[in-house]
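The values are calculated or read from the model by the stated rules, or taken from the named source; none is laboratory data. Bear in mind that the values here come from a model prediction, so they are computed numbers and not experimental data. Counting neighbours? That spans all protein chains shown, and the Cβs are built from the backbone with ideal geometry, glycine included. Areas reflect the complete protein model, heavy atoms only, side chains present, ligands, DNA and RNA absent. Shrake-Rupley method; radii C 1.70, N 1.55, O 1.52, S 1.80 Å.
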Amino acid sequence: MSNKTRGGQFIVKETKCEDIFTPADFNEEQLMMRDSVKEFVDKELWAHKARFEKKDYAYTEETMRKAGELGLLGVAVPEAYGGLGMGFVSTMLVCDYISGATGSFSTAFGAHTGIGTMPITLYGTEEQKLKYVPKLASGEWFGAYCLTEPGAGSDANSGKTKAVLSEDGKYYSITGQKMWISNAGFCSLFIVFARIGDDKNITGFIVENDPSNGISMNEEEHKLGIRSSSTRQVFFNDTKVPVENMLSERGNGFKIAMNALNVGRIKLAAACLDAQRRVITESVKYSNERIQFNTSISQFGAIRAKLAEMATSCYAGESASYRAAKDIEDRIIEREAAGSTHQEAELKGVEEYAIECSILKVAVSEDVQNCSDEGIQIFGGMGFSEDTPMESAWRDARIARIYEGTNEINRMLSVGMLIKKAMKGHVDLLGPASEVQAELMGIPSFETPDYSELFAEEKEMIGKLKKAFLMVAGGAVQKYGPDLEAHQQLLMAASDILIEIYMAESTILRTEKLAKTNGADNVKEQIAMAQLYLYKAVDIITQKGKEGIASFAEGDEQRMMLMGLRRYTKYTNMPNVVSLREQIAAKLVNENAYCF
């Protein structure tokens, strides 16, 4: 394997800007793909947004078929099975730009191309892939994913749906209830998870949707958002499934489900990006047009601060999402070159960066909610009306914090997976954590640092924030050992520190790379966004660091760690936050759109 940073290693290694991928690095083919997706979205989705809000399920299905005809449902599918066989970054790009107009279509697209198709492409036999994947890639058939049950949500392996082998050994009879099944109303097949006998783990099956075979559904669920996304309960009553439709091996269902969720998490982050761009653009346009006190409200500092913060969060989400996507793609290519099949390479490539996938899912899903909330506020009373796109954007954003594993689950997973990687020797946390402990006992340097180079202080600050994480996480592991997972509030605090470090570092590295390519004077607003994001990250890390330390340390140990936290979160030159926001907002207002 190469010397490329492995999953989770960003917390103990310094990454150079030349080693990350950014949206400025899209090749010509990717830019053409992006433009064709935007054309489809503007024509078929954005122009008919009202139909999606009126629960026009038929229109969701119709637009999904059109997406299939354009090849957009098969971007990630290998060419051998009727797809375009594009790399991971390109699949992220399509997911990003196809998802911004309406959450209803975004959910249908994500459920079909991700958890509806991907389990077969990654775990299916050659016969299964040849039989089903071409139909799914073209949009002739649609897929759905049946995992969640009334008693099995976050605890996905606790499902009660049963699969019983027939006496002649030719088929399984599946009986059970599934809920919150996206695309259920128009799907052609289900990926169903059921338990055989008293197996510890569930098993996956490919089940064709045939109502005469014991399959029935409730009416469509009436939901807060994603209103035209088909969501139903599905009941299986002695549904017969040929033994050859078992997916992978008996008892491998939980692994299939978890790996599908890893991919789903980073794709969900991508699916929240263009939604933010559109909300920001609409907010900027409205604020330029809305006159109060004889002035466009875009000239008011309170509004300009909101626009700047919204754009900064979106820019950070783009930076981190495409950084991780390219890391995954490189890992896949590396494993294929070493002799792995495409299936094995993609599974291991995504699994390698599962920590980053969880980080992104949490960060970007929360950013899109905040962005749409501020969009409503900028529109004022009109933002609360169905006549503007803000209230539907806000409602659609809300689901993103729940599916693909709730944000609470993903927060705890990110730290838990990092600690497991450390125990396996994949990430050296112990050495750096010990060095931080030793540093805390020493006398800090009082030399005046040289910050003449762009981002010199910011990169030093990122290094110090990593020490803060190692101090808190290292102290927590020392205190609780294997019992740490029971201390959920401490894990949540540590996870917020980890998330902010990855997002802030990605934003700075993207901007540094841009500045080296285009000249710092030509990316002033991007520099301001990187500095603004870091400033806010430092605030969050300070708060969460105090919370974490107070939860497990007392007396002299606590005082020492709090002193260390102050040292690691202290700026030499505090940025002028108001000035940074003003610079970003001025660019947005002048361009009348999100323009980064």
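A DSSP coil position with no more than 11 other Cβ atoms inside 10 Å describes the following chymotrypsin sites (Phe, Trp or Tyr not before Pro) in region 266-334: 293.
Each Lys and Arg adds +1 at its Cβ and each Asp and Glu adds -1 at its Cβ; summed about the Cα centre, the chain shows a dipole of about 680 debye.
Charge tally for residue 558 (other residues, Cβ to Cβ under 14 Å; Lys, Arg +1; Asp, Glu -1): 0. Report the FRET efficiency, 1/(1 + (r/R0)^6), for residue 80 and residue 434, where r is their Cβ-Cβ distance and R0 is 56 Å, rounded to 0.05. It comes out at approximately 0.65.
Taken along the Cα-to-beta-carbon direction at a fixed 7 Å, the label points for residue 483 and residue 167 span 5.4 nm.
The Cβ shell under 10 Å around residue 426 holds other residues with a net charge of +2, Lys and Arg each +1, Asp and Glu each -1. Across the chain, the mean sequence separation of Cα contacts (distance under 8 Å, 6 or more residues apart), normalised by length, yields a relative contact order of 15 percent. Ranked by the mean number of other Cβ atoms within 10 Å per residue, highest first, peptides 218-229, 63-74, 566-577 order as 63-74, 218-229, 566-577.
By the compact-protein rule of thumb, 2.2 N^0.38 Å, the alpha-carbon radius of gyration of region 41-116 corresponds to a ratio of 1.08. The fraction of Cα-Cα pairs per 10 angstrom bin, counted from 0 for region 143-250, comes to 16, 50, 28, 6, 0 percent, rounded to whole percents. Taking label positions 7 Å along the Cα-Cβ direction at both residue 456 and residue 302, the computed distance is 4.1 nm, reported to one decimal. Residue 394 exposes around 90 Å² of accessible area when a 1.4 Å probe is run over every protein chain in place. Can you tell me the mean projection area, over all orientations, of the convex hull of region 219-377's alpha carbons? Units nm², please. If I average the Cα hull's projected area over directions, I get 13.6 nm².
Net charge in the neighbourhood of residue 454 (other residues with Cβ under 12 Å of its Cβ; Lys, Arg +1, Asp, Glu -1) is -1. Solvent exposure of region 143-250, expressed per residue, is 44 Å² of accessible area, with all protein chains present and a 1.4 angstrom probe. Measuring r between the beta carbons of residue 448 and residue 524 and using R0 = 22 Å, the FRET efficiency lands at 0.25. Taking Cα atoms, how many degrees apart are the long axis of helix 354-379 and the longest axis of the chain, rounded to 10 and kept between 0 and 90? Roughly 80 degrees between the two axes. The gain in end-to-end length when the residue 338 to residue 16 segment is fully stretched comes to 113.4 nm, 0.36 nm per residue minus the alpha carbon separation.
Expressed as a whole percent, the accessible surface of the chain that belongs to carbon and sulfur atoms is 50, based on a 1.4 Å probe.
Using just the helices of the chain, give the 222 nm mean residue ellipticity in deg cm²/dmol: DSSP H runs with n ≥ 4 each add -39,500 (n - 2.57), and the total is spread over all residues, rounded to 500.
Working: 20 runs with 332 residues, N = 596.
For the chain, the value works out to -18500 deg cm²/dmol.
Label zone of residue 42 (point 7 Å out along Cα→Cβ, amide N under 16 Å): in region 78-102 this covers 97-102. In the chain, taking the dipole from charged Cβ atoms about the Cα centre, the farthest positive-side position among 37, 275, 368 is held by 368. Counting every C-alpha pair in region 510-592, the share spaced more than 19 angstrom apart comes to 54%. Once the Kirkwood radius over Cα pairs is known for region 331-457, the Stokes-Einstein relation at 4 °C and 1.567 mPa s delivers a diffusion coefficient of 68 µm²/s.
Of all DSSP bridge pairs formed entirely within the chain, close to 80 percent run antiparallel.
How tilted is helix 577-591 with respect to the longest principal axis of the chain? Cα atoms for both, answer in degrees (0 to 90, nearest 10). Here the helix axis deviates by roughly 50 degrees.
Beta bridges assigned by DSSP with both partners in region 139-207 are antiparallel in approximately 60 percent of cases.
With axes computed from alpha carbons, what is the tilt in degrees of helix 126-138 against the longest principal axis of the chain, rounded to the nearest 10 within 0 to 90? For 126-138 against the chain, the angle is about 70 degrees. Label-to-label distance, residue 574 versus residue 199, with points set 7 angstrom from Cα along the beta-carbon direction: 5.9 nm. Report, in debye and to the nearest 20, how large the dipole of region 181-304 comes out about its Cα centre when Lys and Arg carry +1 and Asp and Glu carry -1 on their Cβ. That gives a dipole near 740 debye. Once the mean of 1/r is taken over each pair of separate Cα atoms and inverted, the chain shows a Kirkwood hydrodynamic radius of 25.1 Å.
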